[in-house]
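Take a look at the structure below.
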Amino acid sequence: MPVPKNTQELRSFLGVVNYYARFIPRLQPLCAPLYELTKTGSKWSWGKQHEQLLDQLRRCLSSSDTLVHYDENLPLVLYTDACDCGLGAVLRRTFNAGTEKPIAFASRLLTDVERRYSTVDKEALGIVFGITKFAQYLYGRRFTLKTDHKPLERIFGDHRELPKVSTNRLSRWALILRTYEYTVEYVAGNRNTPADSLSRLPVYNADVTPTELKRSGQLLNIRLADLPVTKQQLRQHSLKDAQISDVVKYLERGWPCRRNDIREEIRPFAERREELSYEDRILLWQGRIVIPKVLRPAVLQMIHDRPPGICAMKSIARFYVWWPGLDSDIERYVRNCSGCRENQPRPPEVPLFSWNMPSEPWARLHDDFAGPFKNLLCNTDRSSRNHLLMNSKKC
């Protein structure tokens, strides 16, 4: 853990220390000088005394009183978390009495690209980081994975098939995680304190594997291969598209707190902010490429060249692309296409039915109410065509 630079970072560190307070004797008197810095109104003044105390607490957390050795016969539990600046993971061993003690801690800083990930992607990256970091303990045996992000319990749960429209990163990470045997469990945030604090105090010199960076655009390239636009065209027109440019700025700098502060045309993106990501200078929603306005006619034409019809076009579009009003644009495109109108399925022709002429009067009557009178019942004799009108107040 790095040296805290402000009150918030110091509170995160003390949160980890307090979580393992039962393993550190006389903890509260020991931490008293640090708690003085966290009081409301206290001026931040980090000195040599605080530095020495921080080193002492680090040694306590990494001592044999707190940490335990790996045991292949005892269950393993991995806690992971992510925040806007870093990732954290704690590997614990469960004893027969149900108590847990840590085996190892890990954290790292997010890169500039990773900071622009959606919340789901960041939390999923925290899982991948924790599992790959402790792969020497986890590979080849079953363990429990605990996360405080509820959607990941369904996405990475047992026997779960990843949705076809999942983001490129989630698809890639799901393939990595399938080589491990684990059970995903949701844990409340207040019970995930160590991993949460580690993510807020990440190690600054941690490295991101080059393999992970090289894989970042593979699935994006697969989707682009079927579209009539190139990656370079998408980048250029996305920069010129006012709508997409504003969305990217919000992703990088944060969204306004009030809905009224967001322009009307940006609100569909704001409603999906947790599922948006910016990968390789291309905006994505749930792994689907957000197409700039200039390129949308070419994309609609490509989709239209596949099996015709509104439903078929929508199914294809939902795998590759997205923009606000996509379904309406597809319906309008099909309505304006003469070929689609000619090939539109027509209702089957119903053969005409004619009544036989009755052999005598009053053999067959046809009854109906004669409008605009609500209670006037008209009886017509088919043979003589005589009408009999009856007043029916009950009708």
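A few comments on the model shown:
- Selection from segment 47-70 of residues that are farther than 17 Å from Ala32 by Cβ and loosely packed, with under 13 Cβ neighbours inside 10 Å: Arg59, Ser63, Ser64, His69
- Restricting Arg332, Arg318 to those that are assigned by TED's automatic domain parsing to the domain that holds Gln243 and without any contact (Cβ under 8 Å) to a residue 12 or more places away in the chain reduces the list to Arg332.
- Of the residues making up segment 235-266, those that are touching a helix residue (DSSP H, G or I) at 6+ places or on another chain (Cβ under 7 Å) and closer than 18 Å to Trp322 by Cα are His237, Ser238, Leu239, Asp241, Gln243, Ile244, Ser245, Asp246, Val247, Leu251, Glu265, Ile266.
- Residue list for segment 349-364, filter: charged (D, E, K, R) and more than 60 Å from the chain's Cα centre (by Cα): Glu360, Arg364
- For segment 246-283, the tally of residues that are buried (at least 20 other Cβ atoms within 10 Å of the Cβ), among the hydrophobic types (A, V, I, L, M, F, W, C) and modelled with pLDDT under 85 stands at 1.
- Condition met for Ser238 (in a helix (DSSP H, G or I) and either surrounded by 17 or more Cβ atoms within 10 Å (Cβ to Cβ) or hydroxyl-bearing (Ser, Thr, Tyr) (or both)): yes
- The residues on offer are Arg318, Arg346, Arg267, and the sole one that is out of contact with any His (no Cβ under 9 Å at 6 or more places or on another chain), farther than 30 Å from Asp381 by Cβ and outside any helix (DSSP H, G or I) is Arg346.
- Members of segment 84-119 that are touching a helix residue (DSSP H, G or I) at 6+ places or on another chain (Cβ under 6 Å) and in a helix (DSSP H, G or I): Arg116, Thr119
- Residue among Pro29, Pro75, Pro33, Pro2 that alone is more than 39 Å from the chain's Cα centre (by Cα) and either modelled with pLDDT of 80 or more or surrounded by 11 or more Cβ atoms within 10 Å (Cβ to Cβ) (or both): Pro33
The values are calculated or read from the model by the stated rules, or taken from the named source; none is laboratory data. Everything numeric here is computed off the predicted structure, so don't read it as measured data. Ideal geometry is used to build each Cβ from the backbone, glycine not excepted, and the neighbour counts take in all protein chains shown.
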